[in-house]
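**Q** Before anything else, here's the structure in question.
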Amino acid sequence: MKYDLIIKSGVVVDGTSNPWFKADIAIESGKIAKIGHFLSGEKFLDATNMIVCPGFIDPHSHTDILLLCSEPTRTELLKGRIRQGITTEVIGNCGFSAAPLKAEKKELLRKQFDSFSPAEELSWDWLTFGDYLNRLDEKKVPVNVVPLVGQGTVRVAVMGYENRTPSKDELKEMTTLVAEAMKDGAFGLSTGLMYNPGMITSTQEVVELCRVVANYNGVYASHIRGSDYNLLNSTQEAITIGRDSGIPVNISHFEVVGTQFWGMANEALRIIDEAREMAVDAAFDEIPYTTGFTLIVALFPTWAQEGGVEKLLNRLRDPAIRERIEREMDTVAAGWPPVWPVNLVKLIGWERIILAMCTTHGNKQLEGRNFTEIGMIKGKTPFDALCDVVTEERGNAWILVYVRREDDVRAALRHMSCSICTDALDIGRGKPHPAAYQTYPRVLDYYVNKEKVLTLEEAIRKMTSLPAQRYRLRDRGLIAEGFCADIVVFDPKAIVDESSYVEPRKYARGIEYVLLNGEIVVRKGEVEKEVLYGKVLRKI
């Protein structure tokens, strides 16, 4: 039989964590048709001495709006992801999906997404979750897309950013929007309980939404409420939501924040283990870096963010309110539930908070500098410098934060329930997190080859079949007959982690070929001109 393509003589790491084996892989009509040994003479790709594994599945990305941009902007900004072997990514994380919308509240959400978007203006001509997925279908996508519906988006559509308990009718409207999104193909619900309006949402309100998700066999992904003094409480809250609603829980980008709390990873992981012993399907994903990337407005107290970015900017113009915010930043808001999910300034200090991305020309020179330095440049305190930047950028800026300790990262990576994620994107300005370009090469080079934290087979499982299992992708994440031909071919001796915060846009080295639904999208390390072979996956 003649096949569309044969990957010959590769060292196959199939995603199960089983030992590697040598084999040829035959591809037909976008699927893995046969695994074995075949005669030469067919159309083939020589993988001699190279690793052949499933395409990497990123369980935590934020490309919701970037995927709708026009060419070549979109592919140029996604090249870093494609060239590191990502073939599938989960969008709609941290409580924010691009749909569903209500016409009268659409502008509120659009402003929230300004920080996730390139300069290109989009029409935002959709309302329902299904409409949004149809727009992605029409545009065609360069990677496979697994959509989640965001709790924050749903709450904004119904209540805006009002800090109060929803009425019975409002809660019913939110559950209806979630049900409609699940019918349209969402794989589950996400929350961002550190961000507005997730931070003002009760546990029980999330449970009610997740019970709807349970009716459609969906999952729950959560940026938990706190990763510092409330790490253990927040981990338990996520597990409680899964237990009470009856759905799997995926804790997003597991982390321990704050120097005084470093070393707590094992305690939080023990809570996850205990939950699994009690039949609660709990797991998590992890960024393989000691730094994180977040919105600049996350530095402010919950009450200061009430009503959205415009209200925050108005408060910063009031001297008395600014003084109150500065005073509160010098204290840790203890207690549960937290009145302030995470006080980064107090936990890690101004010198560990780096301005990464701006929109205004005047602040470009400050990118890459910490706020102690920015304050010195401006001749102001770090706090006043922060307020200036937030006001000038209208809240549309990103920060890089040195929040984690290497020991905690390693403890998480070793855990059997840990998937690998990026939580990073490049929107064409400033200095993105190097994870947008180097996450999976970093794991293979640093944590497998150099540090021996993981074996190659363990690492590949955490980047392929495990996230596929967590999000219930039945035909991806394994090198197996009948599975979709999302495949990465890499040279294990050439894989080099070139992560750099100074020059983050460094493409992966050693990733020789990437196949997406059976089509070659990376050839000899370069992205092919035509790469729109991804699919918008829908949970049916």
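The values are calculated or read from the model by the stated rules, or taken from the named source; none is laboratory data. Computed from a predicted model, the values in this text were never measured in an experiment. With ideal geometry, Cβ positions are generated from the backbone for all residues, glycine too; neighbour counts draw on all protein chains shown. Heads up: the accessible areas ignore ligands, DNA and RNA and are worked out on the full protein's heavy atoms, side chains in. Shrake-Rupley method; radii C 1.70, N 1.55, O 1.52, S 1.80 Å.
**Q** Restrict the check to region 512-535 and report whether at least one residue is touching a Cys at 6+ places or on another chain (Cβ under 6 Å) and at negative phi.
**A** no
**Q** Under 8 Å between Cβ atoms, at least 6 apart or on separate chains: pull out the pairs that start in region 316-336 with a residue that is outside any helix (DSSP H, G or I) and modelled with pLDDT under 90 and end on any residue that is open to solvent by 50 Å² or more (accessible area, probe 1.4 Å) and of a type in the set (Val, Ile, Thr).
**A** Cβ pairs passing all conditions: Ala333/Val339.
**Q** I'd like to check something: does region 378-390 contain any residue that is at pLDDT 95 or above, among the hydrophobic types (A, V, I, L, M, F, W, C) and assigned to a loop (DSSP other than H, G, I, E, B)? Break it down into steps so the answer makes sense when it comes.
**A** In the first step, residues of region 378-390 are kept if they are at pLDDT 95 or above; the result is 378-390.
Checking the rest, the ones that are also among the hydrophobic types (A, V, I, L, M, F, W, C) come to 383, 385-387, 389-390.
Cutting the leftovers down to assigned to a loop (DSSP other than H, G, I, E, B) gives us none.
For region 378-390, residues at pLDDT 95 or above, among the hydrophobic types (A, V, I, L, M, F, W, C) and assigned to a loop (DSSP other than H, G, I, E, B): absent.
**Q** For region 84-104, name all the residues that are touching an Asp or Glu at 6+ places or on another chain (Cβ under 8 Å) and over 29 Å from Ala157 (Cα atoms). Walk me through how you get there before you give the answer.
**A** So in region 84-104, the residues touching an Asp or Glu at 6+ places or on another chain (Cβ under 8 Å) come out as 86-93, 96-100.
Hits for region 84-104 are Ile86, Thr87.
**Q** Continuing with the same structure: Can we say Ile65 is open to solvent by less than 10 Å² (accessible area, probe 1.4 Å) and under 20 Å from Cys484 (Cβ atoms)? I'd like the intermediate steps shown before the answer.
**A** Values: open to solvent by less than 10 Å² (accessible area, probe 1.4 Å): yes; under 20 Å from Cys484 (Cβ atoms): no.
For Ile65, the condition - open to solvent by less than 10 Å² (accessible area, probe 1.4 Å) and under 20 Å from Cys484 (Cβ atoms) - is not met.
**Q** So, one more: Quick one: is Ile354 farther than 25 Å from Gly226 by Cβ, out of contact with any Phe, Trp or Tyr (no Cβ under 7 Å at 6 or more places or on another chain) and surrounded by 21 or more Cβ atoms within 10 Å (Cβ to Cβ)? Spell out the reasoning first.
**A** Numbers: farther than 25 Å from Gly226 by Cβ: no; out of contact with any Phe, Trp or Tyr (no Cβ under 7 Å at 6 or more places or on another chain): yes; surrounded by 21 or more Cβ atoms within 10 Å (Cβ to Cβ): yes.
The answer is no for Ile354.
**Q** Still on this model: Got at least one residue in region 378-387 being touching a Pro at 6+ places or on another chain (Cβ under 8 Å) and either open to solvent by less than 10 Å² (accessible area, probe 1.4 Å) or more than 29 Å from Glu107 (Cα to Cα) (or both)?
**A** Narrowing region 378-387 to residues touching a Pro at 6+ places or on another chain (Cβ under 8 Å): none.
Within region 378-387, none of the residues are touching a Pro at 6+ places or on another chain (Cβ under 8 Å) and either open to solvent by less than 10 Å² (accessible area, probe 1.4 Å) or more than 29 Å from Glu107 (Cα to Cα) (or both).
**Q** Continuing with this model, one more query. Under 8 Å by Cβ, and 6 or more places apart or on different chains, what pairs join a residue from region 58-80 that is on the phi < 0 side of the Ramachandran plot with one that is hydroxyl-bearing (Ser, Thr, Tyr) and open to solvent by 20 Å² or more (accessible area, probe 1.4 Å)?
**A** Lys79/Tyr507; Gly80/Tyr507
**Q** Further question on the same structure: Kindly provide the set of residues from region 276-308 that are under 15 Å from Ser417 (Cα atoms) and touching an Asp or Glu at 6+ places or on another chain (Cβ under 6 Å), ordered by number.
**A** Ile287, the sole residue that qualifies.
**Q** Only residues that are under 17 Å from Leu136 (Cα atoms) and of a type in the set (Lys, Arg): list them for region 500-540, please.
**A** Listed by number, the residues that qualify are Lys535, Arg538, Lys539.
**Q** Scanning for something within 16 Å of Gly92 (Cβ to Cβ) and of a type in the set (S, T, N, Q), does region 224-246 turn up at least one residue? Explain how you work it out, then say what you get.
**A** First, the residues of region 224-246 that are within 16 Å of Gly92 (Cβ to Cβ): none.
Looking through region 224-246, none of the residues is within 16 Å of Gly92 (Cβ to Cβ) and of a type in the set (S, T, N, Q).
**Q** So, in region 213-239, of the ones that are in contact with a Ser or Thr (Cβ under 6 Å, 6 or more places away or on another chain) and surrounded by fewer than 24 Cβ atoms within 10 Å (Cβ to Cβ), which residue ends up nearest to Ala283 (Cα to Cα)?
**A** From region 213-239, those in contact with a Ser or Thr (Cβ under 6 Å, 6 or more places away or on another chain) are 214, 221-226, 237-238; that's our starting set.
Next, only the ones that are surrounded by fewer than 24 Cβ atoms within 10 Å (Cβ to Cβ) stay: 214, 237.
Numbers: Ala214: 17, Glu237: 13 Å.
Among residues in region 213-239 that are in contact with a Ser or Thr (Cβ under 6 Å, 6 or more places away or on another chain) and surrounded by fewer than 24 Cβ atoms within 10 Å (Cβ to Cβ), the one nearest to Ala283 (Cα to Cα) is Glu237.
**Q** Considering only residues of region 5-45 that are among the acidic types (Asp, Glu) and at pLDDT 95 or above, which is most open to solvent (accessible area, probe 1.4 Å)? Before the answer, list the steps.
**A** Here is the first cut: in region 5-45, the residues among the acidic types (Asp, Glu) are 14, 24, 28, 42.
Imposing the further condition that a residue be at pLDDT 95 or above reduces the set to 14, 24, 28.
Working: Asp14: 21, Asp24: 8, Glu28: 53 Å².
For region 5-45, the residue satisfying everything is Glu28.
**Q** Quickly run through region 65-83 and pick out the residues that are at pLDDT 95 or above and either charged (D, E, K, R) or in contact with a Pro (Cβ under 6 Å, 6 or more places away or on another chain) (or both).
**A** Listed by number, the residues that qualify are Leu78, Lys79, Arg81, Arg83.
**Q** Also, quick follow-up: Does Ile399 satisfy the condition of being open to solvent by less than 10 Å² (accessible area, probe 1.4 Å) and farther than 30 Å from Arg110 by Cβ?
**A** It is false that Ile399 is open to solvent by less than 10 Å² (accessible area, probe 1.4 Å) and farther than 30 Å from Arg110 by Cβ.
**Q** Answer yes if at least one residue in region 504-511 is open to solvent by 70 Å² or more (accessible area, probe 1.4 Å), free of Cβ contacts under 8 Å to residues at least 60 places away in the same chain and within 22 Å of the chain's Cα centre (by Cα), and no otherwise.
**A** There is no residue in region 504-511 that is open to solvent by 70 Å² or more (accessible area, probe 1.4 Å), free of Cβ contacts under 8 Å to residues at least 60 places away in the same chain and within 22 Å of the chain's Cα centre (by Cα).
**Q** Something else: Output yes when any residue across region 444-461 is charged (D, E, K, R) and closer than 19 Å to His253 by Cα, and no when none is. First the steps, then the outcome.
**A** Quick first cut of region 444-461, residues charged (D, E, K, R) only: 445, 450-452, 457-458, 461.
From what is left, the residues that are closer than 19 Å to His253 by Cα are 458, 461.
So far as region 444-461 goes, yes, one or more of its residues are charged (D, E, K, R) and closer than 19 Å to His253 by Cα.
**Q** Still on this structure, I have one more. Name the residue, out of Leu148, Leu136, that is closer than 21 Å to Glu208 by Cβ and either buried (at least 18 other Cβ atoms within 10 Å of the Cβ) or in contact with a strand residue (DSSP E or B) (Cβ under 9 Å, 6 or more places away or on another chain) (or both). Talk me through it step by step, then tell me what you get.
**A** On the way: Leu136 fails: closer than 21 Å to Glu208 by Cβ.
One residue alone meets the criteria, Leu148.
**Q** If Asp273 satisfies every condition in (1) touching a strand residue (DSSP E or B) at 6+ places or on another chain (Cβ under 6 Å); (2) over 24 Å from Ala181 (Cα atoms) but one, which is the exception?
**A** (1)
**Q** Going through Gly226, Gly307 one at a time, which residue ends up being in contact with a helix residue (DSSP H, G or I) (Cβ under 8 Å, 6 or more places away or on another chain) and either assigned to a loop (DSSP other than H, G, I, E, B) or under 23 Å from Arg164 (Cα atoms) (or both)? Let's see the steps before the verdict.
**A** Numbers: Gly307 fails: in contact with a helix residue (DSSP H, G or I) (Cβ under 8 Å, 6 or more places away or on another chain).
Only one candidate passes the filter, namely Gly226.
**Q** Here's a follow-up. Are there helices (runs of 4 or more DSSP H) fully within region 81-194 with at least 1 residues that are in contact (Cβ under 8 Å) with a residue 24 or more places away in the chain and among the small types (Gly, Ala, Ser)? List them.
**A** Numbers: elements: 106-113, 129-139, 151-159, 168-184.
Because the criterion is at least 1 residues that are in contact (Cβ under 8 Å) with a residue 24 or more places away in the chain and among the small types (Gly, Ala, Ser), the helices (runs of 4 or more DSSP H) in region 81-194 that meet it are 129-139, 151-159, 168-184.
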